[in-house]
Structure formats: C-alpha cells, structure tokens
1. Pull up the stretch A:97-154, narrow it to residues that are of a type in the set (S, T, N, Q) and out of contact with any strand residue (DSSP E or B) (no Cβ under 7 Å at 6 or more places or on another chain), then point me to the one that is farthest from residue A:49 (Cα to Cα).
2. Filtering the stretch B:285-296 down to residues that are assigned to a helix (DSSP H, G or I) and among the small types (Gly, Ala, Ser), which residue is farthest from residue B:187 (Cα to Cα)?
3. Output yes when any residue across the stretch B:98-106 is aliphatic (A, V, I, L, M) and surrounded by fewer than 22 Cβ atoms within 10 Å (Cβ to Cβ), and no when none is.
4. If residue B:203 meets every condition in (1) surrounded by 21 or more Cβ atoms within 10 Å (Cβ to Cβ); (2) away from chain A (no Cβ under 14 Å); (3) closer than 28 Å to residue A:134 by Cα; (4) touching a helix residue (DSSP H, G or I) at 6+ places or on another chain (Cβ under 6 Å) apart from one, which number is that one?
5. Does residue C:163 satisfy the criteria of being assigned to a loop (DSSP other than H, G, I, E, B), more than 7 Å from every other protein chain (Cβ to nearest Cβ), surrounded by 14 or more Cβ atoms within 10 Å (Cβ to Cβ) and free of Cβ contacts under 8 Å to residues at least 60 places away in the same chain?
6. I'd like the full set of residues that are within 12 Å of chain B (Cβ to nearest Cβ) and assigned to a helix (DSSP H, G or I), limited to the stretch A:11-47.
7. Within the stretch A:71-78, is there a residue that is farther than 29 Å from residue B:92 by Cβ and more than 15 Å from the chain's Cα centre (by Cα)?
Amino acid sequence: MADRSGFLTTSINSIANWARYQSSWGATFGLACCAIEMMHTGAAHNDLARFGMEVFRASPRQADLMIVAGRVSQKMAPVLRQVYDQMPEPKWVISMGACASSGGMFNNYALVQGVDQVVPVDVYVPGCPPGPQSLMHAILTLHEGIKSGEFVRV
Amino acid sequence: MADDVTIEDSSEEVENPTVPPSETERRQLHDLWTSGTEEPAWVVASTAEGAQLMLPRDEATAGDVAEESGTLVTDDRLYKDEAVEEEITILNMGPQHPSTHGVLRLQLELDGEVIRRVKPVIGYLHTGMEKTGETLTFLQGPTNVTRMDYLAPFHNELCFSLATEALLGVDVPPRAQAIRVLMTELNRVSSHLTWVATQGMDLGAVSMMIYGIRERELLLAFFEKTTGLRMNHNYVRPGGVAADLPDGWQDDVAEIVRAIPDGLDDYHDLLTENPIFLGRTKGVGVITSEECFAYGITGPPLRATGINWDLRKAQPYSGIEQYEFDVPLAENGDVYDRYLVRMEEIRQSLRIAAQVLESMPDGDYRTGDLKVTPPPRKRINESMEALIHHFKIFTEGFKVPAGEHYQAIEGPRGELGHYLVSVGEAKPWRLHCRTPSFAAIQSLPIMMGDQLIADAIAVIASVDPVLGDVDR
Amino acid sequence: MSEQAPPPEEEVVVESARLRLAPLLAGLAETFADATFEESVAGQQVARVESARLVEFVQACRDAGFEMFIDLTAVDYYRRRPGPRYDVVVGLLSLEHNLRLRVLVEVDGDVPTAPSITGVYPGANFYEREVYDLFGIEFTGHPDLTRIMIQDDWEGHPLRKDTAVGSVPIQFRNTNKVL
C-alpha cells in the first residue's frame, strides 16, 4: 500500500501516525475485574501518563482507543458495539483479559465468546486479570503498530 | 432530506413497526440532528426496551410507578403529583458510564434537577456463574466464585469453601483458619480502599483515586506473593488453603499494618472535614433500618443506620471470634455515615491482621482428610497410590454427601451467602449466591428519591456496588 | 440491641414434630400444622410449607420476629426426585434472636407457579424476577414480573436442568496477523 503512494502522502502518513501513537486516548470501557487493573495501570504506581495515555475519556466521541476490560455478556454486546461506532476514526481496540478475548472460563449461555465477534480487535492481552505490566505491554505493542502503520484501518 | 418520505408516513408505520426501512429512511435518520423531525417508527421499534421501558408519566399509573421503582411500599418521596409535565425529563444513565461502578444502568425521571423516579436495570454483566458452577467440581468451585465479587475474591472463596466443608463435615486446622482470617480481613481493607478511591473520584476529589490505589498496591503485592495473582486468587479451597504463606510474610503484613493507617490519616485530612465533601454527603441518600430489613440490606449501610449486626460477631466463622475488634456504628444512615463506618472498618480489619500476625499457629495449612486434600508433592514422587490419589482428586474430584447448606459470611459489602445443594456427586447440583450488592441495587430508588441528580452519584458510590456481584 | 449478639435461646421440643425447635419456631409449628420443620446440615432450621400457604406463613414469620429478608432462589430437581420438580427457597433472618430460617416450597407443572411474597417483604421483588428469568417459575401477584438478567428476547430459562450450558466453540479472528 505504501509503495504505490507518493512521497508526500507517505510522509504525511508517517507524521500522522507518529502523532496518533503518542497520544492515544482511551475510552473507559470497564466491565469487570480487568477494569480494576486498568484503574491500577492508570494510577500513580504504574503511571500510564508516561505513554501519553493518562486521560481516559468518559465520552467515546473523544476517544480513539477502546480497552475492553472484562467479560462481555450478550446483553452488553450491542451497547459495546454502539460505543465503538460512536468513536471517531481512526480507532483501535485492545481486548483485555481472557474473558474479553475468548470468553475465558465461562463458556456458557450468557457470554459472548470473544469480543472480536462484535468489534475488530488489534491486540489481545492474556491473563485473568492481566496485571498492569501486561496491559502496558499491550499498549506499547499497539503504539508500535500504529507508528508503523500496521494497525491503521482506512 | 428526501421529500418522498413525510412525517405522515411514520404515523402509519406505527401500525406495523417491523417494516424494514428503505435506504432513504436510513439516510433520513442521519439528518435527524438538523431536521427536527421525530424518529420514524422503525427506529423506535428497533430500539424498544420491551418490558424494561420506563413509560411516560401520563401512561403510567401510580401502581406502575411503584412497581418500576422496585417497591410496593407507597412512598410519597417517589411520586410527586405537583411535578410539572413539561419539566419532566427521563434520563438514561449507563450502562456505559464512569460513575456507575461498572455496567449498571439507571433510568431516572427528572423534575428539573431533582430525581423523582429511579428504575435500575441490571444484567449487563450476567455471566451465568451459577450455571457454570454446576459444571465444575467442588475443588474447582472457588475458581468460579472468586470472579463474582472481584473486589472481594477471598470472601467468595471462603464462603464457598465453608459451605462445602459443612456438607462434608470436614474440620480445618487452626493455621488454615488463621490464614483465611488474615487474607479475608486484608481483602476487606483492599476492597474498602477501592471504595474510598472511587467515592472520592466520583465526588470530585480525584486525588483520592491516586491515594487509595497507592495503598492498595501494597496489599495486592502481598496477595500476589502469596497466591500468585493480584486478583481472582483461587487460594482458599475446600479443606484449607492452596499453599502456605510465603517466607517473610510477617514483614509484609507488618508493613501493611504500619503503612495503611498513615494513608487513612491522609484521607481523613482530605475528606472528613472538607466542606465540599460534607455538603455532598451529609443527609444524602438516607435509608432507615426498617427499609434495610425489608430489602435485605446488610453490612456497612445497615450499620450506618445504627443496627449492630456483624456476622463476624453474631455467627462467627473460621475462628474469627478469637480476635478482638469493634463493630463501628453510626446513626443517620446517610452517605457520610456509611463513609465513616467503612473508614473505621479498615482500621478494625488491620487490627485483626495485626493480631493474626502475632498469634499465627503452627501446623498444616490443609485438612488431614485425605479424601479432600491431595497428597504432598514428595509422596507423589515415591508412591503410585499417592499419584493415583492426586490424579483422582484433580480430575474426578471428591464426592460430597447429599444435602443442602446455606453459608453466610460478612463480606465487605454485607452478607455474602452461598446456598449449595449436593446430591452426592463431585459437582454441586445447585450453587446459588446471595450477594449483598444485588440487594443494595434494589434499594437505590429509596435512597435517591427526591435528591439532586448530582447526589445520585454519591449514593451509588456509597452503597459500593460491584456489578459482578449483582449480575453474577 | 446489645453489644454482643445474644446467645441462642433455649431449645424446646415440639412433640408433634419431634424436633428441637427454637422458641421462635415453636409458635409457628403450632399455627401451621401442615408445615414440616427439619434441621439441615450444621443445625440450620428448614421449614417446608405448601405453596398455597406460603404468603400466610411468611407473614407469620415476619410477625414472629424474622424481620430481615435475606434470599429467594429456586432449585430444579429434574429427574432427581419423585414428585414436584422445583423447590423455591426463601431465606429469612431474625437479628434479635440470631436465627435463620429457610422456607422451602415445592412447585411443579409446565408453567410452575408460586405465590409472590413481595407484599410481605418488598425486597423479594428482584429475587423473584431473577427466579422467573432463570427458572421460569411464575410468581402470582408479583408487580413487575419481567426478565432481569438476560435480554428480553432470549428464549428458555437457562438454569433449568434440561437447558444446556450453552457453550459454543471459540474462534479467534485475525489470528494470522503477525506484527
């Protein structure tokens, strides 16, 4: 894709991606246990502000990263999709924890078996719940992807 | 906007709202922002709430109002006739809202800024844990229930384990009991710290969020060292605990007992006499003890109304009666009293932890009943029978005699009860969890009636609901 | 209430039931001759009453001193016992006497039906909705019997034993993406 573009567009793209990864703001989508670890990641001890991410926006209109933190029930899935649709492009999704990624240990009538059936996911984080370090690793992975243009959907 | 679709058409569509929309109609929907037209019937139909819908006031009878608010108690605070029709707004709060502590959804009827009616809608985190619990053995059960109230995992595990042990008739050695008391009381501290952090943030004191979690990291580090995980530990199991305390645990607990009261003093400086905090909490969200009885509200909200009821004193479990502690009480049953009760409970729990630190008995951390306890690691290497035994315990599980038992313990939010029915198999026939947050959510209409909308946030925070606990 | 919870009161023997009952329950046993009282594991008091007299019985319990409503749930004994399929389980607590009582009611039928106790304990409202949602037991007289946990268009009742767990195979999407 990049090969066919001209010099100017690729340069603008790389500048835009540089800006995007430096300040990807998260939408608070705390659902369950993982949300508590997400709070811990943002608080003083782990200090997510080091990566330009200390702001978690309450409104999806101001966010470009959705961290799905916790199990997604079938009742919640339409809500999740609506919040995702309300986020402006370009946007990314981190599926935090085993439940969000695959339903975890709850393979039953109530849960969506993986949030990737509802929204496209960029990074999956393993763990139940993933510690702050795991989440930060996922965020840095995402930043790498955004920087290189790998994760930008057009 | 296209001219061929008029507003008159939408009135016909009410007759048959399921007619699929044409492309023009879909585009028209995007013009609603500017066009000022009403939503077409198919939009209304596709987003209908069904039975969950809060009806407009002119369609709802007084009986409906009482039903929707989750109460049959005729209460004039919930319904004011003098409310002017034009000033009534129905506001939907949640399920995706930063101040609802999860995925709680409230439908609020507002008269200006005053809440007249509240309808809680829950189930957005329904995980089917009671069904999953029927497919797991009794030994695997704590894995399931620990994810229920994720701020109090040890309490869930302990409650399940106690219920299983009661059905089995197994006694637990003193060291295991002391470890259980230590971990659950530290867990009460960590749960209340999360509560004080989020309550502070909801009321505008964002620094409380940072402080509360700063202290909580200490506890989580100790939990991780002991159990291998920061949350969802699966540490307390039927027959004892999963592993002994790690080397040097005394230093960690001593540090926790020393450091957290310092933090508490900071919180008191920051909040207790803060005029903004007092204004937001005093006299807000009052509930009386009679209402608590009728709605099954236990724990700090009940004690804030002056009722001295703590299951650790009344129906002691796991040897907690050996330790000295006080049950903090308050009088008014408002948000501020619930705050004071919880803050003092943190100190009392630390007091118990300090006593456990001094009096930790020696001995085994698991019961000697070999049908429940897997053989020690060393024996597995030497003995074929021990290997088979180990294998059978972890694959088939142990059989529990038929019977039913309700076990209740004092969780951080109130009475946490597990109702276990066994039919003599290795898996429970039925696992039901009586969770304190479920009762608390039901009482929100009582606490919020006739308060300002800003107070709704304070009320939600003060009952400390955990939505995993509500929806299960 | 005193600082310490009071010790359990003296137990009396009711000849008809041949069970050691707390004094609080002895009066109930006299009034409701058809109710059976038993003691479950760890000495918990259990009463079995007929479905038709549930509201009356619960009202009597409340008047006798069980002021707090604790719990309401159901158990499905599908093909596990002869007779009625479901038990509705009501948990009550007396703070003053430090006593728990579990009231069991057997219900059966294609549409199992039990009387609602929301008139006695308003807190039973959400619990009965939950049992209705998950077991399909209908509570007559309940003000707002709608689904509470799962969405309205869900068919069936998941906690019934003849309903499967509902597990589905897990599929990961975009698994071929390598960074």
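The values are calculated or read from the model by the stated rules, or taken from the named source; none is laboratory data. If you're wondering where the values come from, they're calculated on a predicted model, not measured in any experiment. Note: ideal-geometry Cβ built from the backbone for every residue, glycine included; neighbour counts use all protein chains shown.
1. We begin by selecting, within the stretch A:97-154, every residue of a type in the set (S, T, N, Q); these are A:101-102, A:107-108, A:113, A:117, A:133-134, A:141, A:148.
When the remaining residues are screened for being out of contact with any strand residue (DSSP E or B) (no Cβ under 7 Å at 6 or more places or on another chain), the result is A:102, A:107-108, A:113, A:117, A:133, A:148.
Values: A:102: 29, A:107: 36, A:108: 38, A:113: 32, A:117: 31, A:133: 14, A:148: 22 Å.
Of everything passing the filter in the stretch A:97-154, A:108 is farthest from residue A:49 (Cα to Cα).
2. Step one: of the stretch B:285-296, the residues assigned to a helix (DSSP H, G or I) are B:289-295.
Next, from what is left, pick out any that are among the small types (Gly, Ala, Ser): B:289, B:294.
On the way: B:289: 27, B:294: 29 Å.
Ranking the candidates gives B:294 first.
3. For the stretch B:98-106, residues aliphatic (A, V, I, L, M) and surrounded by fewer than 22 Cβ atoms within 10 Å (Cβ to Cβ): absent.
4. (3)
5. yes
6. Going through the stretch A:11-47, the residues within 12 Å of chain B (Cβ to nearest Cβ) turn out to be A:26-47.
If the condition is that a residue be within 12 Å of chain B (Cβ to nearest Cβ) and assigned to a helix (DSSP H, G or I), then A:33, A:34, A:35, A:36, A:37, A:38, A:39, A:40, A:41, A:42 are the ones that fit.
7. no
Rundown of residues vs (1) charged (D, E, K, R); (2) closer than 25 Å to residue B:447 by Cα, yes/no style:
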| position | (1), (2) |
| --- | --- |
| B:275 | no, yes |
| B:278 | no, yes |
| B:310 | yes, yes |
| B:323 | no, no |
| B:339 | no, yes |
| B:342 | yes, yes |
| B:345 | yes, yes |
